[in-house]
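Only one structure is covered here, and it is reproduced in the block below.
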Amino acid sequence: MRKKGVLTIGIGCLALSACGAPWVESPMLASDVRIRSSEDIEAILGLMQQYEHAVESMDLESVRRLVSIDYYENAGTTDATTDDYGFGGVLPMLEAVRDHVEEARIDVEVHDIVVAENRAEVLFDFGITMLYRVGESSRWETNRDVARFQLQREETGWMIVSGL
């Protein structure tokens, strides 16, 4: 009788594990965050991993490929439009940064993902350490900040529409 009970529990556990975990397990998530697993969430976390890798390798074309043609950035200023830019301004902005950065290390930690139909928001913080040039000298700088990507679902998958 005892063996039958162990077998029943074992089959139940196997059946539950075949259904997939209800919570996402990802090194991108902050340790205290629980997000229900879904195809959208997994795809968005994949985009965040691509972003992290592209920034660290300073692969500007890979960053640009994550950005929607509908991209728009107001640079945090709602009362002035002189610093706003769209998709066409993404690569020049990234190039301006890259021209002064010799090396970058970034650690992205996702705190929340909210999906509403074809739109999503990703709240994350990041630590970035950069070796950058000023004139003839180079120096390391480390920053930590909170950011929010706004995404939209497109034919090719989730794309960044704001927040770089």
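Filtering the range 139-161 to residues that are of a type in the set (Ser, Thr, Tyr) and modelled with pLDDT of 95 or more leaves only THR142. If you filter the range 130-146 down to residues that are touching an Asp or Glu at 6+ places or on another chain (Cβ under 7 Å) and not aromatic (Phe, Trp, Tyr), you find that the one that is farthest from TYR72 (Cα to Cα) is SER138. When the range 23-71 is filtered for residues that are of a type in the set (D, E, K, R) and either under 15 Å from the mean Cα position of the chain (by Cα) or in a loop (DSSP other than H, G, I, E, B) (or both), the ones remaining, listed by number, are GLU25, ASP32, ARG34, ASP40, GLU42, GLU52, GLU56, ASP59, ARG64, ARG65, ASP70. The condition of being acidic (Asp, Glu), surrounded by 14 or more Cβ atoms within 10 Å (Cβ to Cβ) and at pLDDT 95 or above holds for ASP125.
The values are calculated or read from the model by the stated rules, or taken from the named source; none is laboratory data. Please read these numbers as outputs of a predicted model, since none were measured by experiment. Here the Cβ is made from the backbone with ideal geometry for all residues, glycine too, and neighbour counts use every protein chain on show.
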